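Here's the structure, in structure tokens; my notes come after.
The values are calculated or read from the model by the stated rules, or taken from the named source; none is laboratory data. For clarity, every value in this text was computed on a predicted model and none was experimentally measured. Positions of Cβ are backbone-derived with ideal geometry, glycine not excepted, and every protein chain shown enters the neighbour counts. SASA here: full protein model, heavy atoms, side chains in, ligands and nucleic acids out. Shrake-Rupley method; radii C 1.70, N 1.55, O 1.52, S 1.80 Å.
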Amino acid sequence: MPPVPFDRRAAKRVPTRAVRVSIRGGASGLVGVDVSIEGVGVATPQPSPPGEVLELELDHRRVGVLSIAAMVAWSGEVAGLGRTGLQFLRPSIGQRTHLRRLMAAEVGSCVLDEDGRTHGFALTTAAGVWAVLDATALKVAVVHQDGHHLAVTHRPRGAAYDDLRQHTVDDLEAAVALALGATGRLRLDPPLGPRSQPVLGGRPAPATARH
């Protein structure tokens, strides 16, 4: 299983909760509503004229700040609230990578190392199935429930294209660490919710709150 981009369809939008958008020379701390590789939706009290070019900063507490240029694609009301759709202008490879990371953080959990750095991402893809993404938001492993254990299928860093490995572990944190080649202690932020927790030993794992 070779690494594949987190989002093959660049226009796919991800709802956001932790993204704040600031406009250079204008409003700051605006709430991001959704984001894709191509643009961002923002809750705005005042409409902006379509075609206006803005310099933005997208801030996420775990992924950091991205500076990027965007053009106002549309502006109006959605469900009685002001909304502006902004289209990114020629995002660079680095900016696109940052956007993939931001999207992964919003739909899954950040995998943090002992120093609080984002080491990768974990996402629930189906009941008893998880995807593990590396720090650039490329998928590097699939984890699935196998009875009372978890099976990790991954391609080690630097291995041949078709050199897939499979290992069995006892918990999700160990599966994520194995997939990312991490040796230190890792934690998921936010913890994966109760519906995504594996059932081990015949009993559901303790429920945890999701953001």
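Side notes on the structure shown:
- Summed over region 104-118, the residues that are farther than 19 Å from V35 by Cβ and open to solvent by 40 Å² or more (accessible area, probe 1.4 Å) give a count of 3.
- Count - residues of region 1-22 that are among the hydrophobic types (A, V, I, L, M, F, W, C), open to solvent by 40 Å² or more (accessible area, probe 1.4 Å) and either at pLDDT 95 or above or farther than 30 Å from Q166 by Cα (or both): 1
- Filter result for the condition that a residue is of a type in the set (K, R) and in contact with a helix residue (DSSP H, G or I) (Cβ under 6 Å, 6 or more places away or on another chain), over R101, R62: R62
- Flag: A174 does not match the condition of being of a type outside the set (F, W, Y), touching a strand residue (DSSP E or B) at 6+ places or on another chain (Cβ under 9 Å) and part of a loop (DSSP other than H, G, I, E, B).
- Qualifying residue in region 193-203 (condition: over 30 Å from L58 (Cβ atoms), modelled with pLDDT of 90 or more and over 13 Å from the mean Cα position of the chain (by Cα)): no
- T84 being hydroxyl-bearing (S, T, Y) and over 19 Å from V35 (Cβ atoms): no
- Enumerated strands (runs of 3 or more DSSP E) restricted to region 119-160, each holding at least 2 residues that are exposed (fewer than 14 other Cβ atoms within 10 Å of the Cβ): none
- Exactly one residue among V42, V65 is part of a strand (DSSP E or B) and open to solvent by less than 20 Å² (accessible area, probe 1.4 Å), and that residue is V42.
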